[in-house]
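To keep things clear, I will list the structure first and then write my remarks on it.
Derivation of every value follows stated rules applied to the coordinates shown; laboratory data play no part. Note that the structure is predicted; figures quoted are calculated from it, not measured. Glycine also receives a Cβ, built like all others from the backbone with ideal geometry; neighbour counts cover every protein chain displayed.
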């Protein structure tokens, strides 16, 4: 059941090029535009910009998959009343949820499988094997709060507005968190806000992994992310219950 | 053994609107039941309660004596809903396999697809299906788990006459496997063709629960048609008739006692011609029962 459901969830996403192509290729495009040109510039801690920006894009790509895959699919399925028929089957809701999480993690892993070699070749990024692995597991683990955020948005927005809502939230947050340009280049007021953004904390984990000196300890970043995870999860559960009481009571 | 499906004095309110006002239905294993009624009568609400998509405001909805939301119970039930979508980007065989995986003893995939007559579309994406094919896909999804009880909410809605007929035959085939089928419809001939028992719901209340033949006979067994110039409805006052319609001197009415009606009409000096008396079909009976 779990295998079939996961397979179906994966195919559902894979066959929507608007999702699969953008989540796999967009990080590469950004990396080409911003990362490659100044890849050899050396930043604090002797870290090359090519590696720094790889960490930025890894964070961007994985969080992007989590928010979009959950947000849009939940909103669409609500809009098309797919949830209705699924609810009438013996499929345990937990399996449903789990299959989607597995799918999202696999997809997120795929974005890394594409991005890492690209940065290695095009950005001439050379890291120890353990550093590559640390980066990979941190961005996959750190993306969990964004799953909850995706769910919350999926239940709170309509099927046609979900994409717009997500873009409105995600893109500005990615900029403000320094994923496209290092934080120091952002306006002062944004710099003051960014330490409180979940995506910034997520970014810190990535930058720290490739050896860039981050201002606070990794533990602090994990704690921030865990806190956001709890908040987003609570909102998602609330939104789910709200929907539940409207449609299925 | 508890019945396959049961509503016990179930009421359902959506805000101020009372969709069901105390409905009691008992469906035994092996029954083939049509729930009939005009739009807004409470048919879909009854199905929603029985399959556990909605909870009754008061009273009970039970499947095999248990809550309909119980997953073990659900694994014995197949459902086809009126308004529901399925993922557009999956192929027919993929989604059938997906739904089969939810059930402990599903039918073979090809069998389920064949029962719905979708063999040629097995490799097509759901989004490429026509409306009628999509309905058949929903049917395949409802039967693929080899359920003991099949709930169909207006399964033939939006189909043409030929499509409806062959679809009803597919449902009948499933019922012949000894399964319980509960369907809602407002196409009366479907109930007549398929069901051994018809439950008529109107404005949230069960107004009849009997075999189709009995419903026909109970209300108005005969339909009379004749031409009578200058006849008005007042001329028919006191006669044992229902559902009278008079257009262009053409009179149509339902009655159980056509002879008595004729005698009275002659006594009243009404001049009639082109008399025709026929057995009323379920449609006539239904109109008579629910005309307010």
Quiz item: At a Förster distance of 45 Å, what's the computed FRET efficiency of residue A:188 paired with residue B:17, Cβ-Cβ distance as r, to 0.05?
Solution: 0.20
Self-check item: Pairwise FRET efficiency - residue B:127 versus residue B:276, Cβ, R0 = 45 Å, nearest 0.05
Solution: 0.35
Quiz item: Normalised by the number of residues in chain B, what is the relative contact order in percent for Cα pairs under 8 Å and 6+ residues apart?
Solution: 19 percent
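Against the empirical 2.2 N^0.38 Å scaling, what ratio does the C-alpha Rg of region B:91-143 come to? Don't skip to the end; give the middle numbers.
Numbers: Rg = 9.9 Å, N = 53, 2.2 N^0.38 = 9.9 Å.
Working it through for region B:91-143, the quotient is 1.00.
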Quiz item: Under the definition of partner shielding as Cβ atoms of other protein chains within 10 Å of a residue Cβ, what is the mean value for peptide A:89-98?
Solution: 4
Practice problem: Just the Kirkwood number for chain B, please: inverse of mean 1/r across all distinct Cα pairs, in Å, one decimal. | Solution: 20.9 Å
Quiz item: Given 20 °C and 1.002 mPa s, how large is the Stokes-Einstein diffusion coefficient of the protein assembly as shown in µm²/s, with Rh as the Kirkwood radius over Cα pairs?
Solution: 79 µm²/s
Self-check item: chain A: angle of helix A:49-79 to the longest principal axis, Cα-based, in degrees nearest 10
Solution: 10 degrees
Quiz prompt | Between helix B:161-176 and chain B: long-axis angle, C-alpha atoms, 0 to 90°, nearest 10 | solution = 60 degrees
Quiz item: To the nearest 10 degrees, how steeply does helix A:144-156 sit against the main Cα axis of chain A, on a 0 to 90 scale?
Solution: 40 degrees
Quiz prompt | Fully extended contour minus Cα-Cα distance, from residue A:219 to residue A:98, at 0.36 nm per residue | solution = 40.9 nm
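How big is the convex hull of the Cα atoms of region A:1-153, per residue, in Å³? Numbers along the way, then the final one.
On the way: hull volume 17.8 nm³, N = 153.
With only Cα atoms used, region A:1-153 gives 116 Å³ per residue.
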Exercise. Find how much the distance from residue A:33 to residue A:249 grows on full extension, using 0.36 nm per residue of separation minus their present alpha carbon separation; answer in nm with one decimal.
Key: 72.6 nm
Exercise. Determine the shielding of peptide B:82-93 by partner chains: average, over its residues, the number of Cβ atoms on other chains within 10 angstrom of each Cβ.
Key: 5
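If I take R0 = 30 Å and measure r between the Cβ atoms of residue B:157 and residue A:1 in this structure, what FRET efficiency does the formula 1/(1 + (r/R0)^6) give, to the nearest 0.05?
Once the sixth-power term is evaluated, E becomes 0.45.
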Self-check item: Computed over region A:46-117, the ratio Rg/Rh where both radii use C-alpha atoms and Rh is Kirkwood
Solution: 1.17
Practice problem: Let me know the Rg and Dmax you get for region B:47-107 when you use only its Cα atoms, in Å. | Solution: 13.7, 41
